[in-house]
Every structure is written in structure tokens, then in C-alpha cells.
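The values are calculated or read from the model by the stated rules, or taken from the named source; none is laboratory data. Note that the coordinates shown come from a computational prediction; the quantities given were computed from them, not determined experimentally. FYI the Cβ positions are ideal-geometry reconstructions off the backbone, even for glycines, and counts take in every protein chain you see. Just so you know, the surface numbers come from the protein's heavy atoms only, side chains and all, with ligands and any DNA or RNA stripped out. Shrake-Rupley method; radii C 1.70, N 1.55, O 1.52, S 1.80 Å.
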Amino acid sequence: IFHIKKVEISGMSFHMKNHMANKIAYHGGINWNDMHVNDISLNARELRYKGGIMSGELEHLSFRETSGWVCESLTGSAKVGRGRTIVSDLHIKDKWSDIHMPSFMMSYKNAKEFKYFIDRVRIDCEIENTELDFRTLWHFAPQLYGNELQTSLSGKVGGVVSDFEVDGLRLAVR
């Protein structure tokens, strides 16, 4: 349906507000009911929508979320549609962590499943040569706030967040 060769965005902001009556309780970290993302910088290419699939190459994405999390760089090659989000060569870097995932996939029945993300969206990923600091995780799992564990890890993860399975995990605490 469309093909965009190149996209460049600088200085953009994004605000998402949940107007539903049954909101997710906020306990710190990213406020998914009232999310503000600022200083968005994006370079992407080969954006396409065809046959129900959106795809593209993300060459650079950086932003600042009001919880305090700053994404210094996010890159990867993505395909989204028909109940799957597939990202190849996903790389996420912030002040504390440097995450490399040769393959990352989320599977779901439809977009409504994201309301129950922890129990209904399946994640399958391969993690390689990753430096993960729990200060990064504070923004996504506020229950971990105060834990400054620093790890190096590689392995495979699969399942829903509430019931992950891990295979071939190599973990070193720094």
C-alpha cells in the first residue's frame, strides 16, 4: 500500500493518555496511563505496509521518557502484523545497559492483548553479549527499584512475562 524510502524526525514529543475507566494502577516507573516521551530523534528507512504487514529498518531512535528513562539508541529491523512483532538485530542502549538481541518476537491474538501484557503477550528472544543493569529495569518493573545489580548475560527466553522459560543462560554478576 505504501513504501517510504527514508524518514528523519528530530525534536518530536509524544503523549499517550489512557481515558479508560479501568486504568492500570501506577506504582512508579513509566506511567502507562499518562506517558510523555520527549526529545524523540528517529532515522528509519524502507518503511512499507503491504499485505497487512508493516516493516522497516530503524537506524536510530533516541528519546527521554518522563519517568527519567533515557533511551540513547534503539536500532533494529522490524515487521509488525498478523499477531506478531518481529525485530531482528535489536540493540537498545541507555546510561546503564547495552542490550543485544539477534531475534526478538512478540506473539498475540490482537492489539487488545497488550492490556494484559504480562499474562497474554508471548515473548521469544535470543540475547547475546548483553550488559544489563537493573537501574534500566526500574522504569519497567518498579518493584526492582533500589536494586543496582549489574549483569552480563546471553541466552534464550520464551513465554509470557508471568511465566518465562530460560534456555542456555550464561549470567555473570559484575
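May I ask you to compute the full-extension gain from S41 to H91, defined as 0.36 nm times their residue separation minus their alpha-carbon distance, rounded to one decimal in nm?
Numbers: separation 50, 0.36 × 50 = 18.00 nm, distance 1.58 nm.
Gain in length upon complete extension: 16.4 nm.
Could you provide, to the nearest whole Å², the per residue accessible area of region 1-112 with probe 1.4 Å? Intermediate values should be presented prior to the final figure.
On the way: 7020 Å² over 112 residues.
Result: 63 Å² per residue.
Carbon and sulfur: what percent of the chain's accessible surface (1.4 Å probe)?
Working: 6090 of 10940 Å².
Answer for the chain is 56 percent, counting heavy atoms of protein chains only.
Measure up K5/K95; K23/K95; K109/K156; K79/K109; K5/K50; K23/K115 against 20 Å on the Cα-Cα distance and list the ones that go over.
Working: K5/K95 31 Å; K23/K95 30 Å; K109/K156 23 Å; K79/K109 16 Å; K5/K50 14 Å; K23/K115 9 Å.
Distance filter (> 20 Å) returns K5/K95; K23/K95; K109/K156.
So if we plug the beta-carbon distance of D167 and H27 into 1/(1 + (r/R0)^6) with R0 = 45 Å, what FRET efficiency do we get, rounded to 0.05? Don't skip to the end; give the middle numbers.
Numbers: r = 31 Å, r/R0 = 0.68.
Plugging the Cβ-Cβ distance into 1/(1 + (r/R0)^6) gives 0.90.
What ratio of Cα Rg to 2.2 N^0.38 Å holds for the chain? Mind showing how you got there, number by number?
Details: Rg = 16.7 Å, N = 174, 2.2 N^0.38 = 15.6 Å.
Scaled against compact globular proteins, the figure is 1.07.
How long is the gain from F14 to S103 if the chain were fully straight, where each residue apart is worth 0.36 nm and the alpha carbon distance is subtracted?
Values: separation 89, 0.36 × 89 = 32.04 nm, distance 2.71 nm.
Result: 29.3 nm gained on full extension.
Hey, what number do you get for the chain at 222 nm if only DSSP H runs of n ≥ 4 count, each worth -39500 (n - 2.57), divided across all residues, to the nearest 500? Mind showing how you got there, number by number?
Numbers: 2 runs with 8 residues, N = 174.
Mean residue ellipticity, 222 nm, calculated: -500 deg cm²/dmol.
Please give the length that would be gained between R120 and I53 if that part of the chain were fully extended, namely 0.36 nm times their separation in residues minus their C-alpha to C-alpha distance (nm, one decimal).
Working: separation 67, 0.36 × 67 = 24.12 nm, distance 2.12 nm.
Value of the extension gain: 22.0 nm.
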